[in-house]
1. So how many Å³ per residue does the convex hull of the Cα atoms of segment 26-68 work out to?
2. What does the accessible area per residue of segment 14-68 come to in Å², with a 1.4 Å probe and no ligands, DNA or RNA counted?
Amino acid sequence: MSDKQSESAEGQQEPKEDFPELKKLVQEKVRLAKKLGLMDGQQPIEGYNDTKDYKRIEEIDARLWELV
């Protein structure tokens, strides 16, 4: 195996917890979801799906799919 292939294979075997971006995105998503009342059995705020915070949650979801 060449050095490049070796580096690539090693990079793919990293546990998900070793990706700081992943952890940061999940924390931001949880924070925004709590703010909008989408977690912990809270009542969602009226019109939450039209807010900038909800649009950011959708962006985070898309990025998380790329990472995982």
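The values are calculated or read from the model by the stated rules, or taken from the named source; none is laboratory data. What you see is a predicted model; the values in this text were computed from it and never measured. Accessible surface is based on the protein model in full, side chains and every heavy atom, while ligands, DNA and RNA are left aside. Shrake-Rupley method; radii C 1.70, N 1.55, O 1.52, S 1.80 Å.
1. For segment 26-68, the hull spanned by Cα atoms encloses 63 Å³ per residue.
2. Working: 4360 Å² over 55 residues.
That works out to 79 Å² for each residue.
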